Amino acid sequence: MTNVNRIVRLGLVNAYLVRENDGLTLIDTMLGGSASKIIAAAEAGGAPIVRIVLTHAHGDHVGSLDALKQRLPEAEVIISTRDARLLAKDKSLDPNEPKDKLRGSYPGAKTRPDRTVDAGDRVGSLEVIAAPGHTPGHVAFLDVRDRTIYCGDVYSTLGGVATSAKVMSIMPLALFTWHRPTELESAQALRALSPALLAPGHGKVIESPQEAMDRAIERAS
Ligand SMILES: [Zn+2]
């Protein structure tokens, strides 16, 4: 098993298994009904899922969290401090946040996070990168070993590399973006990290993605 292991459902939605010395970190849980596929992928890789981390609280990323936690009770569940509130179905906004409407599905989950994280925290080899905008507490994860960025929905690569700050590709993620100016700033922040690989929530993994990210930012600006 390499570090980056993409699991796809319906050709549209991704989760990733990241190899660590103590087992696997699962990034996102896809839609409901994905638990068996994810567990089978981990078994094929020969290692247990020891952590489940979430980029954000939208339904196509947290949909199988409860089913997975039931089958993997030992796995530590981790989400950003801000999106933990959305996972608990609290859709209130903070006084200092833009008052834009929260878009997309926030089905919540029965599972409570074991740990909440903020920018700069570490989850195994992954550094937590603040990437708000698509949701208020969206985060990305930078694997410091190989500079892969697991960008959640800050970028999509379905139908070409695009940000979710503007409706561009066949996957119009921007329709579900809470605050587009903030999302564009996050897209720029991830670009500034010069990732070696871009691993999005939707679409294939892109090698040496810098130029494509530049073009995506330009088109959304
Ligand atoms: Zn998504």
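The values are calculated or read from the model by the stated rules, or taken from the named source; none is laboratory data. Because the structure is a prediction, the values reported are computed rather than measured. Heads up, the Cβs are rebuilt from the backbone with ideal geometry, glycines too, and the neighbour counts pull from every protein chain shown. Calculation scope for accessible area: heavy atoms of the full protein, side chains included, ligands and nucleic acids excluded. Shrake-Rupley method; radii C 1.70, N 1.55, O 1.52, S 1.80 Å.
Some observations on this one:
- Taken residue by residue, the stretch 84-98 has no member that is in contact with a Gly (Cβ under 9 Å, 6 or more places away or on another chain), open to solvent by less than 10 Å² (accessible area, probe 1.4 Å) and either more than 21 Å from residue 154 (Cβ to Cβ) or more than 16 Å from the ligand (Cβ to nearest atom) (or both).
- Within the stretch 167-220, the residues that satisfy the criterion of being of a type in the set (D, E, K, R) and more than 16 Å from the ligand (Cβ to nearest atom) are 185, 191, 207, 211, 214, 215, 218, 219.
- Some residue of the stretch 92-113 being over 11 Å from the mean Cα position of the chain (by Cα) and of a type in the set (Val, Ile, Thr): yes
- Annotation: of all residues in the stretch 147-197 being among the acidic types (Asp, Glu) and in contact with a Pro (Cβ under 8 Å, 6 or more places away or on another chain), the one that is surrounded by the most Cβ atoms within 10 Å (Cβ to Cβ) is 153.
- Residues that are over 12 Å from residue 152 (Cα atoms) and free of Cβ contacts under 8 Å to residues at least 60 places away in the same chain, drawn from the stretch 184-206: 184, 185, 188, 191, 192, 194, 195, 196, 206
- Qualifying residues in the stretch 19-38 (those that are in a helix (DSSP H, G or I) and of a type in the set (A, V, I, L, M)) - the one farthest from the ligand (Cβ to nearest atom): 35
- Complete set of residues in the stretch 157-166 that are among the β-branched types (Val, Ile, Thr) and away from the ligand (no atom under 14 Å from the Cβ): 161
- Residue check, residue 212 more than 18 Å from residue 62 (Cα to Cα), free of Cβ contacts under 8 Å to residues at least 40 places away in the same chain, outside any strand (DSSP E or B) and of a type in the set (A, V, I, L, M): no
- Residues that are more than 16 Å from the ligand (Cβ to nearest atom), open to solvent by less than 50 Å² (accessible area, probe 1.4 Å), β-branched (Val, Ile, Thr) and part of a helix (DSSP H, G or I) within the stretch 39-81 comprise just one, 39.
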